[in-house]
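Presented below is the structure to which this report refers.
Since every read-out is calculated from the coordinates, none of them should be taken as a lab result. Remember, it's a predicted structure, so these values are computed and weren't measured experimentally. Cβ placement follows ideal geometry from the backbone for every residue including glycine, while neighbour counts extend to all protein chains displayed.
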C-alpha cells in the first residue's frame, strides 16, 4: 500500500486500556487558559516513568464553556487507581494557582465520577454557586475568586495508538511528524502527550541487557544500528524516525487520529516510509491495522 508514493507498512499499532478524565480550564483569555493547561499536563509523557499521561485536547470558544469564557480542554490518562490522585494534584497545584482560572467537568455524562474536593482550601470561607447549570464551589483567593466543579467523569479509553514517520534525513522526518501532529490536533477526543506531540526515543518493553529496566531503546528502529541489528526495521535510505503516540477516549478517536496524522505526514517531501509499533500482543488488546484505518 502507498499514499502519495510513500509505502505504508503492512503492520499494526498495539495499544492498551486506560482511564481518562477530561478537564475544561477557562480563564480571562485563551492565553491564560493555555498557560494553566500546559502546567497541568506537565511531566506526563509516558506511563513508563510518569505518574500519568496527559495533554491538551483542544481550544474551546466562549460559547463552548460553562462560564462563557475562552477555554482549553485537557485529557488526563492513568490507571483507575491513580487517576483521582493525578486530577486532584494537577488541579490543586497547577490550575488553582494560575491567574483567572476556573475548572469544569468535560465528561458530565460519564457514568463514573471521581471527587476532587479543593474547596477545603477556602478554610471555611468557600461557598457553593451555580455556573452555567453546573454545581460549583467558589474559593476566595488573592486575585478574587476561584470557581470549580468538584466531580469529574471518567471513562475507559485507549492509550498507545502510534505510528512511525521515517525520513531520508532528520529534518524531513521531523517535518513529517510535525505535519502529523498538526493534523491530529483537529481530531476531537485525543492527545499526543510527548513534547510537541513527537517521540524521538521510542522504546520497547524491558531490556535485552539490563533486567532492571522497564523499557529501553527500540534498537530495531534506530537508523544508526541498521547494519548492527540483524532484524532491523529501518528501510534503506532512512536516516531518522519519529514516533507519534496517541491516547484517546475510544478506539474510533484513536484510529481517526492515526489516519489523519499519516495522511498529513506522507505529503511532506523526504518522508520515505510509514510503520507502527507493536509487541506481538504483549502490551495491550487493541490492534490498529494501518491498512484498515487508512
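Taking a ≥ b ≥ c as the square roots of the Cα gyration tensor eigenvalues, with a/c under 1.5 meaning rounded and otherwise prolate when a/b beats b/c, else oblate, which class fits the stretch 1-150?
Prolate shape, in that a/c is at least 1.5 and a/b is the bigger ratio.
Calculated FRET efficiency, residue 168 to residue 141, Cβ-Cβ distance, R0 = 45 Å: about 0.25 to the nearest 0.05. For a test of the definition: using alpha carbon positions, the gyration tensor, and the 1.5 limit on a/c, classify the stretch 212-294 as rounded, prolate or oblate. Because a/c hits 1.5 or more and a/b fails to exceed b/c, the stretch 212-294 counts as oblate. Report relative contact order for the chain in percent, whole number only (criteria: Cα-Cα under 8 Å, sequence separation at least 6). Taking the mean separation of contacting Cα pairs over the length of the chain, I get 26 percent.
Counted by neighbouring Cβ atoms within 10 Å, the residues 253, 222, 77 run from fewest to most as 222, 253, 77. Compared with the alpha-carbon gap, the fully stretched path from residue 263 to residue 224 is longer by 11.4 nm at 0.36 nm per residue. Approximating the spin labels as points 7 Å out from Cα along Cα→Cβ, the residue 3-to-residue 252 distance works out to 2.0 nm.
Based on alpha-carbon atoms, the Kirkwood radius and the radius of gyration of the chain give Rg/Rh equal to 1.03.
Here residue 31 and residue 289 are evaluated by their C-beta separation; at R0 = 30 Å the FRET efficiency comes out at 0.15. Ordered by the number of other Cβ atoms lying within 10 Å of each residue's own Cβ, fewest first, 45, 18, 224 fall into the sequence 224, 45, 18.
Counting pairs of alpha carbon atoms under 8 Å apart in space and at least six apart in sequence, what relative contact order in percent does the stretch 19-155 give?
Reported relative contact order: 29 percent.
Fewest neighbouring Cβ atoms within 10 Å first, the residues 213, 1, 166, 175 line up as 1, 213, 175, 166. For the stretch 99-146 and the stretch 1-51, what is the separation of their C-alpha centers, rounded to whole Å? When both Cα centres are located, 25 Å separates them.
Between residue 109 and residue 50, the modelled label-to-label distance comes to 2.9 nm, taking each label 7 Å out from Cα in the direction of the beta carbon.
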